[in-house]
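Notes for the one structure printed next.
The values are calculated or read from the model by the stated rules, or taken from the named source; none is laboratory data. Because the structure is a prediction, the values reported are computed rather than measured. When we count neighbours, we look across all protein chains shown, and the Cβ atoms used for this are built from the backbone with ideal geometry, even at glycine. Quick note on the areas: whole protein, heavy atoms, side chains included, nothing else; ligands and nucleic acids left out. Shrake-Rupley method; radii C 1.70, N 1.55, O 1.52, S 1.80 Å.
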Number of protein chains: 4
Amino acid sequence: MNSHQDGSVAQPDSLVNADRPKSLRVDAQRNRARILDAAHAVFAAEGLSVRIEEIARHAGVGIGTVYRNFPTKELLFEAVIHRYQQKLVEEAESLLDFDDPGEAFFQYISRVIEEGAANKALTAAVSGTEIDMKAVATGISDQLLDVLSKLLECAQQSGSVRADIGAEQVKALIVGTLLAMEQSAGQADRSVVIVSVICDGLRARPD
Amino acid sequence: MNSHQDGSVAQPDSLVNADRPKSLRVDAQRNRARILDAAHAVFAAEGLSVRIEEIARHAGVGIGTVYRNFPTKELLFEAVIHRYQQKLVEEAESLLDFDDPGEAFFQYISRVIEEGAANKALTAAVSGTEIDMKAVATGISDQLLDVLSKLLECAQQSGSVRADIGAEQVKALIVGTLLAMEQSAGQADRSVVIVSVICDGLRARPD
Amino acid sequence: MNSHQDGSVAQPDSLVNADRPKSLRVDAQRNRARILDAAHAVFAAEGLSVRIEEIARHAGVGIGTVYRNFPTKELLFEAVIHRYQQKLVEEAESLLDFDDPGEAFFQYISRVIEEGAANKALTAAVSGTEIDMKAVATGISDQLLDVLSKLLECAQQSGSVRADIGAEQVKALIVGTLLAMEQSAGQADRSVVIVSVICDGLRARPD
Amino acid sequence: MNSHQDGSVAQPDSLVNADRPKSLRVDAQRNRARILDAAHAVFAAEGLSVRIEEIARHAGVGIGTVYRNFPTKELLFEAVIHRYQQKLVEEAESLLDFDDPGEAFFQYISRVIEEGAANKALTAAVSGTEIDMKAVATGISDQLLDVLSKLLECAQQSGSVRADIGAEQVKALIVGTLLAMEQSAGQADRSVVIVSVICDGLRARPD
DNA sequence: AATGAATGAGGTTTCATTCAT
DNA sequence: GATGAATGAAACCTCATTCAT
């Protein structure tokens, strides 16, 4: 449905507008997006323990503005995760129509990991690392689990992926790899080997 | 309930003393050991964010005593982790004498993962997660890398492990799995499959 | 639900205007009245600690409009209370013409208590409770004292009220009752007995 | 049972002590008492909205110490009320053995009010004025209500107090009067008349 | 040497008030 | 004139660390 979520999506204003009636809200949306971006960056760089004030400063707004948009640090974190996961889910959906289900599955894993390796930032959020906010992260990643399940099932039925593994474990492998990469900065280029290991390990054995 | 928890061992020192000549120092040593045990258990169970007071209570001593022995929370964590390092190294060394270097390598990976799966402290240390204490974490991380390198090289020379991977990447796989497991608590039993995937993926291909 | 709540009355102004010559000013006045009504209702129900935003919402206007009309929370409160003062004075004056000065006095006490029983704003104003806005409260408090004095003197001269009491003490009795009632919400109906006790106690003794 | 409550009660230490084993706790108790005293004074003077820091400063301790003793502002308030009510309850109990139940009842009212008039400070607390913390105050005053009920029932059975009133209303009258007196500083001397009014109003009518 | 009470900087969150649109 | 987003001072509370006993 191409719904308007959190991030800054195309404003249909410019299409229909003769006059400029609701210009205020544009600023607010820009601020909201800025805050999300800042939170994304700062959480990634410093961990979940950063002060909200730090995020506000990075976003160029006052503390109060952060709280107007996200009444709780936890909710801000949730929103950041949500935005990130959206990407992952969308990519998975685009692969569901693929001819070869095995190829779709392996491509998905590769893409997500390689993208995450470059992105680095939010993997911590996706995984729910760092105590306290685990509940949030857990709840949210259900969506990711759903699409993963579909891809996995198809791939397993087509005989390209070992049958003794579930979506939970595949997610663990992905998330784990993303997390691991976040630690070792600057080695993103070697992610190819890791992806290869994981994919090989997931492949169904001929015998 | 005053039992020795995780990995620590009883000091036989106290058995031999009939009279009380330097009992003070013995007491102090006992306290130090108790604090380490408690820290071990509590860090493992709750993560690095526990209050020092909690550890003191578990150890059955006052906060002050904890601070006399470990002037900083970070130093206490360091001491706890130090014991892991030794375990890791010892396990690796005992495996180096193994007949089958491939088997040794795979066993090591399995052990480290299974051990760390239920241990937040170890995961934090190995992965370097949870800011602040990075220095400490780096130490153990490097140790793991060292022993891993040795085991890996042997296994690769024996032809059981694919040649296109380095110790860094193997470590990333281990760390990733540990981090991933931390979030899905209670499902540690399924870690077997994940370990299996990783090991299969690491195995050298016949062709 | 856009009904006129507590004590405010509809402005018949707006009925006469067919054309829209100075409609702006009329709108502004309507807004001011609505804000006062809302403040009245909300202050009475929730006490002085409500957020300005809450009042604005009840009034159906933006926060900014509240502030344009009443530059300070305190001034808004003052304006709300001002209406009470007038009511108090008017009621007292209408009772001064009464035949029986004793009856007038007792009726006044009853009315003030019953009216204030369900009205936190009035109680706060009369009693001077809830710091900060003391200046305001002093104003209404003094007004009450004035009218009370007149009614009391007449009643004492007519021999229906004991001579050994002053307006200050009568006010204390009223305020006390109001404050006491504020805590036992929902039992306002029993205020009748309390009023009865106070009136009986104030009555002049036959001997 | 002369139990050890909150305030500073006689330390039995000085009776039995040969050596001085538990001297530390004495300091802590002194601090706790100091904090309660400070809270008492500051709450009374400035209302419930004072910062905890202010109370800490008055008590001559750090904020943390206040929070160690009373983990919440609400709990501190509760403790202050509790200490105050204890006095009221004890006095009521001492009057229960009186010969003349009517006299006992009226004396109680007089005493409590006159004492409160001099004390001034905590009446606000007893009554639960000032929004937020009402729940606390309400729950606590049950004890007071109990003893009051007993005194009242006896007095009503002996025919000295009007039958149409309940303990709740009597409490309201007492509390109300105390609250009212708190407002008008320096007029405590006139409390006699008010007490007289209330007692007269409560007396059973001859007809 | 051991204890745990005290400390206070630092973090989250609220809300009266301002100001750009 | 109206709007409501933005602001930031100030309040509450936590917890690593110190220090008197």
message: Among the residues that make up segment C:166-187, is at least one of them more than 11 Å from chain D (Cβ to nearest Cβ) and at pLDDT 85 or above?
response: yes
Of (1) open to solvent by less than 10 Å² (accessible area, probe 1.4 Å); (2) under 30 Å from C:Ser49 (Cβ atoms); (3) modelled with pLDDT of 85 or more, C:Val147 satisfies every one except (1)
Across (1) open to solvent by less than 40 Å² (accessible area, probe 1.4 Å); (2) at pLDDT 85 or above; (3) more than 16 Å from DNA strand E (Cβ to nearest atom); (4) not acidic (Asp, Glu), C:Phe98 clears everything bar (1)
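Okay, residues lined up against (1) away from DNA strand E (no atom under 12 Å from the Cβ); (2) buried (at least 19 other Cβ atoms within 10 Å of the Cβ); (3) more than 18 Å from the chain's Cα centre (by Cα):
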{"position": "C:Glu46", "(1), (2), (3)": "no, no, no"}
{"position": "C:Arg51", "(1), (2), (3)": "no, no, yes"}
{"position": "C:Gly60", "(1), (2), (3)": "yes, no, yes"}
{"position": "C:Gly64", "(1), (2), (3)": "no, no, yes"}
{"position": "C:Tyr67", "(1), (2), (3)": "no, no, yes"}
{"position": "C:Pro71", "(1), (2), (3)": "no, no, yes"}
{"position": "C:Val80", "(1), (2), (3)": "yes, yes, no"}
{"position": "C:Arg83", "(1), (2), (3)": "yes, no, no"}
{"position": "C:Val89", "(1), (2), (3)": "yes, no, no"}
Over segment B:49-74, the set of residues among the acidic types (Asp, Glu) and without any contact (Cβ under 8 Å) to a residue 24 or more places away in the chain is B:Glu53, B:Glu54
Counting only residues in segment D:15-48 that are over 24 Å from D:Lys73 (Cα atoms) and within 15 Å of DNA strand F (Cβ to nearest atom), the one modelled with the highest pLDDT is identified as D:Leu24
